[in-house]
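The values are calculated or read from the model by the stated rules, or taken from the named source; none is laboratory data. Treat the numbers as computed from the prediction; the structure is a model and nothing was measured. In this analysis, Cβ positions are derived from the backbone assuming ideal geometry, glycine residues included, and neighbour counts consider all displayed protein chains. Side chains are part of the model used for accessible areas, which takes the heavy atoms of the whole protein and leaves out ligands, DNA and RNA. Shrake-Rupley method; radii C 1.70, N 1.55, O 1.52, S 1.80 Å.
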Amino acid sequence: MLAVKPVEVGCDEPADEGEDAELLAAATGQAAPHAALVRFGLRLPPALAAGSQAEPVDFDALLLQLEPLRSEADLVLLEGTGGLLTPITWEWNAVELARSLGAGVLVVGSDRAETLNQMLLTLSALELGGVDLYGVVLTTPATADAMTGLNAGAISRLSGLDRVLAVDYERDPLAAGDRGALAQVVDWLP
């Protein structure tokens, strides 16, 4: 398995061990890539970060970097930047990235008050975009609220999706994969 962050924002130069791409590489033990394929220093949506400090993301070039990774592993996980509709470029977002690669999506979010609306909008965008949905995983937030623990059932009921799982937050990203509950998520993936 390979885990890749195609585009990451809020990055230092050189790549930092705390960046998402570095954590993904450490969690899978992969040799490469260890950094995001495209990195921006500003913590803004990629289309805005590119306009503020660098060249815009070349979407076609990004696809050309991602496509060969399929031959390197049985499973390639891509972690998005921001939400599903956060613009990678002014024309492209994660829906188009997934559709262009023929990839399905595992939606991950925090189990808190705003999540129900965000998840239902995300699931609608995936359906409208013609992208396969593998399931939804919710993590317990640092501070629980009235909706924590209720979202999974509500999402399942409102969407008809039976692959919705709530898991406890794990501070150590390398230990998160050791949980038995996550084996269920792996079974959802092709």
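In table form, for the structure just shown:
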{"item": "Number of the condition not met by residue 141 [criteria: (1) farther than 13 Å from residue 163 by Cβ; (2) modelled with pLDDT of 95 or more]", "result": "(2)"}
{"item": "First in the range 121-147 and on the phi > 0 side of the Ramachandran plot and surrounded by 19 or more Cβ atoms within 10 Å (Cβ to Cβ), second anywhere and in a loop (DSSP other than H, G, I, E, B) and not hydrophobic (A, V, I, L, M, F, W, C), Cβ under 8 Å, 6 or more apart", "result": "135/163"}
{"item": "The range 102-112 - residue that is part of a loop (DSSP other than H, G, I, E, B) and in contact with a helix residue (DSSP H, G or I) (Cβ under 9 Å, 6 or more places away or on another chain) and, of those, farthest from residue 68 (Cα to Cα)", "result": "112"}
{"item": "Residue 90, sole failed condition from (1) surrounded by fewer than 17 Cβ atoms within 10 Å (Cβ to Cβ); (2) within 17 Å of the chain's Cα centre (by Cα); (3) of a type outside the set (Val, Ile, Thr)", "result": "(2)"}
{"item": "Residues of the range 4-33 satisfying the condition of being open to solvent by less than 40 Å² (accessible area, probe 1.4 Å), among the acidic types (Asp, Glu) and touching a residue at least 40 places away in the same chain (Cβ under 8 Å)", "result": "8"}
{"item": "Residue 36 being buried (at least 22 other Cβ atoms within 10 Å of the Cβ) and under 13 Å from residue 88 (Cβ atoms)", "result": "yes"}
{"item": "Condition met for residue 67 (open to solvent by 50 Å² or more (accessible area, probe 1.4 Å), acidic (Asp, Glu) and assigned to a loop (DSSP other than H, G, I, E, B))", "result": "no"}
{"item": "Among residues of the range 104-119, those that are over 12 Å from the mean Cα position of the chain (by Cα), open to solvent by less than 50 Å² (accessible area, probe 1.4 Å) and closer than 18 Å to residue 160 by Cα, counted", "result": "3"}
{"item": "Pairs where the first residue, in the range 55-69, is under 15 Å from residue 87 (Cα atoms) and of a type in the set (Val, Ile, Thr) and the second is outside any loop (DSSP other than H, G, I, E, B) and at pLDDT below 90, C-beta under 8 Å, 6+ apart", "result": "57/50"}
{"item": "Filtered residue count, the range 39-54, keeping only those that are open to solvent by 10 Å² or more (accessible area, probe 1.4 Å), part of a helix (DSSP H, G or I) and touching a strand residue (DSSP E or B) at 6+ places or on another chain (Cβ under 8 Å)", "result": "1"}
{"item": "Residue match in the range 89-99 (condition: polar (S, T, N, Q) and within 23 Å of residue 11 (Cβ to Cβ))", "result": "yes"}
